[in-house]
Each structure stands twice: as C-alpha cells, then as structure tokens.
2 protein chains.
Amino acid sequence: MNPTRLAKLSAALQVSHLDAIVLNAGPSLVYLTGLHFHLSERPVAVIFTAGQDPVVILPELEMRKLSGLPVKAFPYPENPAAWDGTFRAAVTSLGLDGKRIGVEPRQMRLLEFRYVKSGASEADFPDASDVVSRLRVRKDADEVAAIRKAVRVAQSALEATLPLIKTGMTEKEISGELVVQLLRHGSQSAMPFAPIVSGGPNAANPHATPSDRKIHPGDLLVVDWGAAVDGYVSDLTRTFAVGEVDEEYRRIHQIALEANAAGRAACKPGAPCLAVDKAARAVIEKAGYGQYFTHRTGHGIGMEGHEEPYIRGDNAQPLEPGMAFTVEPGIYLPERNGVRIEDNVVITEEGPECLSDMAREIQVVG
Amino acid sequence: MNPTRLAKLSAALQVSHLDAIVLNAGPSLVYLTGLHFHLSERPVAVIFTAGQDPVVILPELEMRKLSGLPVKAFPYPENPAAWDGTFRAAVTSLGLDGKRIGVEPRQMRLLEFRYVKSGASEADFPDASDVVSRLRVRKDADEVAAIRKAVRVAQSALEATLPLIKTGMTEKEISGELVVQLLRHGSQSAMPFAPIVSGGPNAANPHATPSDRKIHPGDLLVVDWGAAVDGYVSDLTRTFAVGEVDEEYRRIHQIALEANAAGRAACKPGAPCLAVDKAARAVIEKAGYGQYFTHRTGHGIGMEGHEEPYIRGDNAQPLEPGMAFTVEPGIYLPERNGVRIEDNVVITEEGPECLSDMAREIQVVG
C-alpha cells in the first residue's frame with residue numbers, strides 16, 4: 001500500500017465525482033498498492049473508495065499477498081460457481097449499486113467487469129483512466145531513478161551485443177542474444193517488450209517482429225529494445241548500417257537523427273505535447289520524407305512501455321515536470337529500408353533531460 | 001489465416017446460435033488467423049461470422065500485417081477521435097446490431113468491447129469462451145510437437161542451471177540464470193511466465209515470486225519453469241533439497257512424487273478431469289497432508305500457460321485425445337517449506353503420454 005498515492009486517489013475520486021474506482025491486475029494496481037497479480041482465468045479486482053480501506057476480491061490461494069495490509073479481503077475458492085457470490089458480497093458491502101464506479105478500459109477485462117457489475121447492476125462505469133494516469137504521469141524521484149537505471153541497463157546490453165552481430169545472423173538470433181545481454185546486465189525477466197531487430201525491407205515496418213531473415217550488407221538494421229528495472233522500463237531505438245549501405249539510406253538516417261534532436265529540444269515544461277511532434281516532423285517533412293514518417297513521435301514510459309503522455313500532433317496536453325516519454329521519429333521506405341532513432345526524455349523544472357546517451361550516428365555492424 | 005480452423009469456427013458459431021464472435025489481440029486470434037497484435041492503447045478487434053471474410057479493425061500502421069490475407073480491413077488513423085467511427089462502420093457493415101456476438105471475457109478488454117458495442121448497442125454479447133476453447137483444447141500433431149519441444153528446451157535449460165546453483169545465491173539470481181539458459185537452449189523470449197524459484201518458507205507459497213532471499217541448507221527449493229517454442233509452452237516443476245533437509249521435508253517430497261504418479265496414471269481418455277485430481281489428492285490425503293494441498297491438480301497448456309482443461313475436483317469434462325495439461329500436486333507447510341512436482345501430459349487414443357521425463361526424485365543442490 002502506498003498511503004500518499006491512495007490519499008491522492010481519494011481526492012481525485014471526489015474531484016471526478018466518482019464513488020469508487022475498480023482495478024484489476026496491472027500497473028495501476030501495483031502503483032497504488034504494490035500488489036502483483038497475474039491476469040489469469042481467476043478474476044481479481046480491487047475497489048477503491050474515498051476514506052475506506054480498499055476491498056480486494058481474490059482467490060483464496062492468493063491471500064498471503066494481503067498479509068498485514070489495511071484492506072478488506074473477499075477470498076473465493078477454486079470452484080467458479082462460488083465466484084459470483086463473492087463478488088456480489090464485496091460490491092454490496094460498499095453500497096455501490098446505482099453509483100459511479102470508474103474503470104480503466106485499457107486494462108479491465110470483461111471477466112472482472114461482469115462479476116463486479118453483477119453486484120451493482122444499476123451503477124455507471126465511466127472511463128476513469130485519467131484519474132489514475134494523472135497521478136502516474138508525474139514521476140517522483142524514485143521513479144525517475146528507476147527509469148534511468150533501465151536506460152543504463154539497456155544501453156550496456158546493446159553495447160555488449162554489437163560486437164557479436166555478424167552478417168548472416170538472423171534477426172531472431174540477434175534479438176535472442178540481446179535478451180541474454182539484457183538479463184546479464186540487470187534487466188528483470190519481465191521486460192517491456194521483446195527487442196525488435198529488423199533489417200532491410202523488414203526495417204520499413206515500424207512494428208516488425210524479428211524474423212528468420214538473415215541480415216546482409218546494404219541493410220539498415222533497426223534495433224528497438226528496452227529493459228525493466230525496479231518495475232520501470234526504458235524504450236530505445238538505434239539504427240545501424242550492415243556493411244555498406246546506399247547513399248539514400250545514409251541520408252534518411254541523418255534526417256531521422258536531426259528530427260530526433262529537434263524533438264528533444266522542443267521538450268520544454270509547459271509546451272504542449274504536439275510541439276514535440278511538430279518539431280520532429282518538420283525536419284522530416286522539410287527533407288521531403290514526411291509521408292514516410294507514419295506514426296506519432298513518442299509515448300510515455302514508466303511502469304508500462306506505452307502510457308501517457310502521448311506525443312501526437314493533436315495532443316495539446318502540456319508537458320509537466322516528472323513526465324517521461326520517448327522521442328522516436330522514423331522514416332520507412334516501403335519494401336526497402338527504414339530508420340528510427342529513439343531516446344527517453346524526462347521533463348524537469350529546468351527543461352528536458354535526456355536519459356539516454358548512446359551514440360546516435362550511423363555505425364556499421366556485421 | 002487457418003482455413004481448417006476457420007471452417008470449424010463457422011460450424012461452431014451455428015451450433016451455438018451465435019451470429020458472430022469478436023476477438024481482440026491474444027491466443028485465440030493467433031490460433032484462428034496467425035495474426036499477432038499487442039494489447040496496447042490502440043484497440044484491435046476481429047469479427048468472425050459464418051461464411052464471410054473476417055473483419056479487422058486496426059491502426060493504419062499495422063495494415064502490413066494483413067497483406068494478402070482474405071479479410072476486410074477497417075484501418076483507423078492515430079487520432080483517437082476517429083476510432084469510434086471506424087468501429088461503427090465495421091460492425092455496421094456486418095449488420096450485427098441486435099444480434100448475438102460472442103466474446104471471450106478472459107481476454108476481451110472494455111477498450112475493444114465498448115467500441116464494438118457502440119456499433120451494435122442492441123446486440124447481446126454472450127460468453128463464447130467455450131466456442132474457441134473447444135477447438136483449441138484438442139491439439140493437433142503440430143501443436144503436440146511444439147509442446148514436446150518446449151518441454152525438452154525447459155528440461156535442458158534446468159539441467160544446465162543445476163550445477164550453477166550454490167548456497168547463498170538468491171532466488172532471483174537463480175531465476176535469472178535459468179532464464180538465460182532457457183534462451184540459450186531455444187526458448188522464445190516471450191515465455192509463458194518468469195520462472196518461480198522459491199526456497200524454505202517461500203516454497204510454502206504456491207504462487208511465490210523470486211525474492212532476494214538467499215537459499216541455505218535445510219530449504220526445499222521449488223523451481224517452476226517453462227519454455228515457449230513455436231508459440232506453445234511447457235510448464236514444469238521440480239523440487240530440490242538445499243544440502244541436508246529435515247526428515248519431514250523428505251517425506252512430503254516423496255508423497256508429492258507419489259501423488260504426481262497417481263495423477264498421471266489416472267489420465268485416461270474418456271475419464272473426467274476430476275478423476276485425475278482425485279487420484280493425486282487421495283495420496284496426499286491418505287498421508288495426512290490433505291489440508292496442505294491447497295490448489296487444483298493441474299491446468300491445460302498450449303498457446304497459453306493456463307487454459308482448458310482444468311484438472312479440478314469439480315470438473316466432469318472428459319479427457320479427450322489431444323488434450324495437454326499439467327499434473328502438479330503440492331504440499332505447502334505454512335511458514336516452513338513446500339514441495340510441488342509438475343509434469344506435462346498429453347492424451348492419446350492409447351492413453352496418457354508424459355512429455356516430461358526429468359528425474360522427479362529429490363536431488364541435492366547447492
């Protein structure tokens with residue numbers, strides 16, 4: 001339990017005219033309570049109200065996790081026939097029927113939702129994603145320290161991997177080696193995502209999955225990877241040249257590098273998120289490749305690999321101290337090659353601090 | 001796309017009086033279509049109806065994944081304001097309002113569900129988990145081969161880890177080393193779960209997370225681990241003795257071993273799942289430790305670490321050829337020590353085949 005965060009949540013519920021918020025297993029629950037559960041076939045829900053202990057509905061065999069915590073537990077046995085009754089009793093104990101119970105649609109499954117709703121069939125369940133994300137979006141010093149460590153671990157791991165990359169290796173082999181190095185350098189095994197390693201035509205797909213394609217001279221090689229440390233993640237991208245690459249590919253690499261720098265320079269406290277997107281995008285548009293930068297410029301990082309704030313051209317949300325996010329412009333030439341250069345920035349009172357410092361200039365591998 | 005599985009799905013929809021089933025990113029979607037998406041802040045849904053091409057609603061930047069596939073795509077741009085309209089258009093194109101649209105509550109998030117519902121506000125959304133799981137529960141030869149490989153990779157990885165385990169190492173260190181060995185031996189980096197390594201009092205918690213506790217003589221050491229190969233998982237447990245352990249702990253290890261053997265022997269085609277649970281549980285109850293076996297005897301494995309069939313005392317579902325699952329009795333002495341021995345079994349026409357064969361007898365480590 002984190003009393004400071006729970007007190008802020010209580011205040012936020014009142015401001016939002018919510019009688020409660022219900023969370024299932026996931027990062028917001030960990031943020032508020034420190035409780036880790038899996039999203040399994042056994043539903044787990046925690047109901048937060050202002051001024052009362054949180055109510056936890058969970059399998060009996062998970063009860064040890066609550067030992068000593070100021071919560072009210074409603075454990076259920078293995079037989080699913082008993083689950084509905086346990087959920088009803090929990091929801092009823094708070095008198096929530098007909099009330100406003102906030103949910104996080106991105107995280108909440110129908111599994112938990114339907115059990116909760118069966119105990120409060122007349123309640124409203126508005127989207128309350130903002131209530132918790134407004135707390136989570138401003139990282140405190142410990143959270144920034146964890147992200148900083150996750151950046152260092154990721155960078156050390158890739159530095160250790162680069163000398164091992166040879167022409168003829170598959171994307172999957174390189175990705176697997178990078179995972180081993182991430183673990184050796186101190187990442188938790190629950191990583192934010194499996195490293196993307198994509199070469200040549202596959203690099204033109206921003207969301208590629210490492211394949212059995214062998215890298216060969218002429219490829220740009222996109223490596224998009226991250227580590228997890230103390231429950232917080234990093235998310236970086238560097239793009240390499242496999243041997244000699246075409247002049248145009250060197251040029252788009254340089255343009256992406258300049259767009260990345262322009263985006264980072266625009267990360268001023270008080271500026272809207274869209275200013276960062278526009279600054280990075282302007283560089284690529286001016287160079288004539290605007291149509292090949294097909295995604296937003298970045299996204300928040302923290303307990304999740306993707307969270308608020310989103311660095312989109314339509315997002316007027318102002319940057320505030322404590323916000324941590326990626327700046328990751330890219331250029332994707334369909335069926336040919338692609339480049340992306342991604343850094344992790346945190347906003348301080350004084351301005352942006354870039355947590356990642358690995359060389360961005362094109363390096364030859366293989 | 002898997003035409004055989006899609007044809008079976010069409011038939012199953014008709015039997016279940018469903019007009020459609022809607023899936024979001026996850027294993028059932030991969031099973032039917034081969035399409036991998038992340039559960040991200042961008043909703044993705046695929047609507048299956050009998051006799052029409054599946055309808056896919058997805059971000060524009062994911063469109064490459066559909067290249068050449070017989071689907072009808074409804075891509076949406078980065079701006080969330082446009083998503084609702086895209087979902088409405090997709091659902092409306094199938095004329096589904098007022099109809100019966102099945103969902104998987106364990107997988108479906110409110111994020112996707114609410115967008116789909118906004119295009120079919122008068123539809124019913126019954127739980128259709130069984131429709132897909134009845135297909136998935138009977139593994140074909142390729143699926144069994146993948147699970148078999150995942151078992152072999154897991155066993156080789158633990159064999160390589162055992163000589164490295166020393167008294168004084170923390171549970172986390174041992175778990176990290178095991179992950180490295182899993183990758184080296186061929187596991188995908190997206191593993192079913194992070195290995196559980198829990199010693200002494202922590203071993204008394206069946207769902208422990210590896211901690212900073214150092215293992216020391218007298219501990220039972222539970223290692224619950226698995227690999228993922230070709231999208232299919234294994235899930236095994238062996239329990240070791242760190243140095244000399246108390247006589248009672250050796251005894252509960254032997255009882256768990258006999259319960260495991262009894263459970264595996266009861267895995268006959270046509271027998272109900274509950275027979276396996278009862279056979280394993282009877283051994284532990286007879287030995288006087290029944291109250292310390294606090295969970296079901298097993299669960300299905302396949303694309304997920306936990307899926308049907310569930311080996312519970314109240315599950316009369318008959319075992320059928322192709323079903324693959326764990327048999328994992330345990331004994332947990334609160335605050336003291338614990339033991340679990342887990343194997344992976346697949347049902348064949350002739351009887352049970354145990355895919356795992358690593359020694360189950362107590363071995364000393366450290």
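For the protein assembly as shown, report the convex hull volume of the alpha-carbon atoms normalised per residue, in Å³, without decimals.
Per residue, the Cα convex hull of the protein assembly as shown comes to 149 Å³.
So how many Lys-Lys pairs in chain B land under 21 Å Cα to Cα, not counting same-chain pairs under 8 apart?
Lysine pair count for chain B: 12.
So for the protein assembly as shown, taking the charge dipole from beta-carbon charges (+1 Lys/Arg, -1 Asp/Glu), which of B:233, B:363, B:187 sits furthest toward the positive end?
Value: B:233.
Per the helix-only calculation at 222 nm, which mean residue ellipticity applies to chain A, given -39500 (n - 2.57) for every DSSP H run of n ≥ 4 and division by its residues, nearest 500 deg cm²/dmol?
Rounded to the nearest 500, the figure is -10000 deg cm²/dmol.
Considering only protein heavy atoms and a probe of 1.4 Å, how much of the accessible area of region B:3-135 is carbon and sulfur, as a whole percent?
With neighbouring chains kept in place, the figure for region B:3-135 is 53 percent.
Running a GNM on chain B with Cα contacts under 10 Å, which residue among B:78, B:159, B:173 ends up with the highest mean-square fluctuation?
In the Gaussian network model the winner is B:78.
Find the Cα radius of gyration of region A:3-135, compare it with 2.2 N^0.38 Å by division, and give the number to two decimals.
Against the compact-globule rule of thumb, the ratio is 0.95.
Assume the label is 7 Å from Cα along Cα to beta carbon: what separations in nm does residue A:336 have to the matching positions in the other copies?
7.2
Under a 10 Å cutoff between Cα atoms, tell me which one of A:51, A:270, A:199 has the largest fluctuation in the Gaussian network model of chain A.
Of A:51, A:270, A:199, the Gaussian network model singles out A:51 as fluctuating most.
From the label point of residue A:163, set 7 Å from Cα along Cα→Cβ, how far away are the matching label points in the other copies, in nm, ordered shortest to longest?
2.5
Using only protein heavy atoms and a 1.4 Å probe, report how much of residue A:97 is accessible, in Å² to the nearest 10.
80 Å²
Give the dimensionless ratio obtained when the Cα radius of gyration of chain A is divided by 2.2 N^0.38 Å.
Rounded to two decimals, the normalised Rg is 1.10.
Need one number: nm distance between label points at residue B:140 and residue A:8, each 7 Å from Cα along Cα→Cβ, rounded to one decimal.
For residue B:140 paired with residue A:8, the spin-label model returns 5.1 nm.
Whenever you get a sec, line up B:15, B:144 from highest to lowest accessible area (probe 1.4 Å, protein heavy atoms).
Output order, biggest surface exposure first: B:15, B:144.
Along Cα→Cβ at 7 Å, what distances in nm separate the residue B:351 label point from those on the other copies, shortest first?
7.6
Select from A:166, A:65, A:117 the residue whose mean-square fluctuation is largest in a Gaussian network model of chain A (Cα-Cα springs shorter than 10 Å).
Among A:166, A:65, A:117, the largest GNM mean-square fluctuation belongs to A:65.
Quote the relative contact order of chain A in percent (integer), defining contacts as alpha-carbon pairs under 8 Å separated by 6+ residues.
Across chain A, relative contact order equals 14 percent.
Which value, in debye to the nearest 20, gives the size of the charge dipole of region B:214-329 about its Cα centre, when Lys and Arg are +1 and Asp and Glu are -1 at the Cβ?
Approximately 320 debye in magnitude.
Starting from the exponent 0.38 and prefactor 2.2 Å, build the expected Rg for region A:78-170 from its residue count and divide its actual Cα Rg by it.
With N residues counted in region A:78-170, Rg over 2.2 N^0.38 Å equals 1.82.
The values are calculated or read from the model by the stated rules, or taken from the named source; none is laboratory data. Being a predicted model, the structure only gives us computed values, none of them experimental. We place every Cβ from the backbone using ideal geometry, glycine too, and count neighbours over all the protein chains shown. With ligands, DNA and RNA removed, areas are computed over all heavy atoms of the protein, side chains included. Shrake-Rupley method; radii C 1.70, N 1.55, O 1.52, S 1.80 Å.
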